[in-house]
Amino acid sequence: MINYFKLIRIQNLLFIALVQYLMRQVVLVPILQIYGFDASMEMGMLSLLIIATVLIAAGGYVLNDYFDVKIDAINKSNRQIVGNKVSRQKAMFLHQVLTGIGILCGLLLSFFARSFTLAFIFIVIPGLLWFYSASYKRQFIIGNLVVAFIAAITVLIVGITQLAFLQKEFGTLIFETPIPKQFYAWIGGFSVFSFLCTWIREIIKDIEDEKGDREMECRTMPVKWGIENTKLFIYGLIVITVLCLLVTNYVFIPFAGTFTIRYIIFGLVLPFAALVYLIYMAKTPTEFHQASTLSKFIMLSGVLYSFAFYYLQAKAHGISLFNLFIVQ
């Protein structure tokens, strides 16, 4: 059983579930409260969204290991599961079951929400995961962009789903309110941050797996450009991410005070600086793995700003915080 939990990356699945839960309960719900709307997507529908997303992601992880048997035999022979502790036949069957149930849950959610957009996403994303594992991940840049795009959609789909249920209940009148714009502004911000952080982490992982990728004639960035040039590209992405955070705070964040900028500096900019240092000093796969782990914590720190957002919204608009008390 432990091997199967490792195969589906249980810790990553829990992170996905946490992100989607926070996006809805801590970002979207307070926006609805400000405009006097009840949250129309019930917890059952949120649970269905999370289950669908997590199952499709789990199937994608299994599929990735299925196609990476030869590469993993070189890069992590002591930690290889598919082809070692779990047969390729069982892995493919598990992928089909997880993905199939995930798609069904997604289509059921789409039916309840009366949303063709949701149905389209739940059909296309599993296809993207298949082509990524089978081909894209071995190609220059495109594999990294596909994973980053899927990570962004995982966040954005929460807003799409909530808006679909609002439209189902109130019709096109909902688009005459500021709510859709607010949804896409805030969820879109978290989505872009997720995209950039995931892109950075995927490139770091490519450096970590460079030996096996080179043996299998993959065309990843470290294989084609070399490790040092790839490091420079990562530094550039980190600078872009930090600049986006600072510009967003200066131009778009409406809250009074310095809470947000302090959060950005201490919760994100300084960890990014530490990440640059780790990448600069890294020479071995183990050291690059440490950098990859730090990038995960940076993404978590970014997601946890949602609590700060809820607090600042409650303080600015006098709404109740988690229906418990009013922030003065």
* Any helices (runs of 4 or more DSSP H) falling wholly within region 136-225 and containing at least 2 residues that are touching a Leu at 6+ places or on another chain (Cβ under 8 Å) -> 142-170, 179-208
* Structure fact -> Filtering region 282-321 down to residues that are touching a residue at least 24 places away in the same chain (Cβ under 8 Å) and of a type in the set (Val, Ile, Thr) yields 298, 303, 319
* List, please: which pairs have Cβ atoms under 6 Å, are six or more places apart or on different chains, and start with a residue in region 139-167 that is touching a residue at least 60 places away in the same chain (Cβ under 8 Å) and end with one that is acidic (Asp, Glu) and in a helix (DSSP H, G or I)? -> 144/202
* To do: Taking residue 74 as meeting all but one of (1) of a type outside the set (Asp, Glu); (2) touching a residue at least 60 places away in the same chain (Cβ under 8 Å); (3) assigned to a loop (DSSP other than H, G, I, E, B), write down the number of the exception.
  => (3)
* Please specify each residue of region 236-295 satisfying the condition of being in a loop (DSSP other than H, G, I, E, B) and in contact with a Gly (Cβ under 8 Å, 6 or more places away or on another chain). => 252
* To do: Have a look at 59, 100, 36 and point out the one that is over 19 Å from residue 156 (Cα atoms) and assigned to a loop (DSSP other than H, G, I, E, B).
  => 36
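Laboratory data are not the source of any read-out in this text; all were calculated from the coordinates shown. Fair warning: this is a prediction, and the values are worked out from it, not measured in the lab. With ideal geometry, Cβ positions are generated from the backbone for all residues, glycine too; neighbour counts draw on all protein chains shown.
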